[in-house]
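**Student:** My structure is below; once you've seen it, I'll send some questions.
The values are calculated or read from the model by the stated rules, or taken from the named source; none is laboratory data. Everything numeric in this text was worked out from a predicted model, so none of it was measured. As a convention, Cβ positions derive from the backbone with ideal geometry for all residues, glycine included, and neighbour counts pool all protein chains shown. Please note that ligands, DNA and RNA were not included when accessible areas were found on the heavy atoms of the full protein model with its side chains. Shrake-Rupley method; radii C 1.70, N 1.55, O 1.52, S 1.80 Å.
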Amino acid sequence: MRAWRVVEPGPVAGHPVRFESVPLPEIGPNDLLVRVLACGVCRTDLHVAEGDLPVHRAGVVPGHEVVGVVHRVGEAVEGFADGDRVGVAWLRSTCGQCRYCRRGDENLCPDSRYTGWDEDGGYAEFVAVPAAYALPLPDGYEDIELAPLLCAGIIGYRALKRASVPDGGKLGIYGFGGSAHIAAQVALARGAEVHVMTRSEDARNLARELGAASVQGAADAPPVPLDAAILFAPVGDLVPPALEALDRGGILSIAGIHLTDVPQLNYQRHLFYEREIRSVTANTRKDSREFLAFAGQHRIRVATMRYGLDDADRALADLAGDRVRGAAVLIP
């Protein structure tokens, strides 16, 4: 099959990924071999390609927002058949035995492994996945729309949960790309008032189209005190203005797996009155099921840009250059 591999992590201008002919993935008795129909291009893929996240496997195939159909079923697998449509997401496996797994926090498992980082992902024609981590997909969406839901949507949902937005509360969103524009729709559907801070004019226009109450520059103050905020942009410099925008008791949820250094904070201005910072680490399968069920009940508008599989390097470059409106998706 054809697939992209991270051959030498570095800036996308230096072409750190290479399109090659590679063997078809092998599967074990508990796995599925999935033919890829669509794969979203996530900022985490960019972090892996550029080396912000050290590669866990040399020559890894990126991609963890995979929509596909089952091509082959492992001999011990039950509940799946050839031709079933499934999703393959970031969380690939956990130990199931540690104290985090036992208490329902499998996203914190020290032995967790991830698609497109520890094992080959979906920038390819086929991908293997443990059947226990393959996800059912909601009806009513095209493949290109479903792909971003499998990370951008799921992690945005997790970040929204961590932000603990009160009923009818005011939510600030910093950065408005693939994940943020989906999380904003979930928040709006639940009755929140959403205020968006982002540097891209295209992203500002999209935020207005989706119903944001206000839209301004990335570090600008929103027009009202916020009950909660989510930082999607991987920019540590935005942490102080986001905290300063919070009302008393407000929570800042930081959604990204990577963040540049956070400047020094002033306790009185940024943290006093019980304002909180919460990080977000991956997601659980429960998060995935809850979010995908929500997407099946509430039609989410997914803004996408289509790329052929052979254009993955250009998609990564466009993402790095803020030229993607919504989410980039590879279509083999």
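**Student:** When you go through A147, A152 one by one, which is the residue that is part of a helix (DSSP H, G or I), under 19 Å from A295 (Cβ atoms) and modelled with pLDDT under 95? Break it down into steps so the answer makes sense when it comes.
**Tutor:** Working: A147 fails: modelled with pLDDT under 95.
Criteria check complete, one pass: A152.
**Student:** Next question. Are any residues in the range 84-110 touching a strand residue (DSSP E or B) at 6+ places or on another chain (Cβ under 8 Å) and open to solvent by 50 Å² or more (accessible area, probe 1.4 Å), and if so, which ones?
**Tutor:** D84, R85
**Student:** Going through the range 153-174 one residue at a time, which ones are touching a residue at least 60 places away in the same chain (Cβ under 8 Å) and open to solvent by less than 10 Å² (accessible area, probe 1.4 Å)?
**Tutor:** Selection gives G153, I154, G156, A159, A163, G172, Y174.
**Student:** Enumerate the strands (runs of 3 or more DSSP E) found wholly within the range 242-332, keeping only those where 2 or more residues are more than 19 Å from the chain's Cα centre (by Cα).
**Tutor:** Ranges flagged: 246-254, 276-279.
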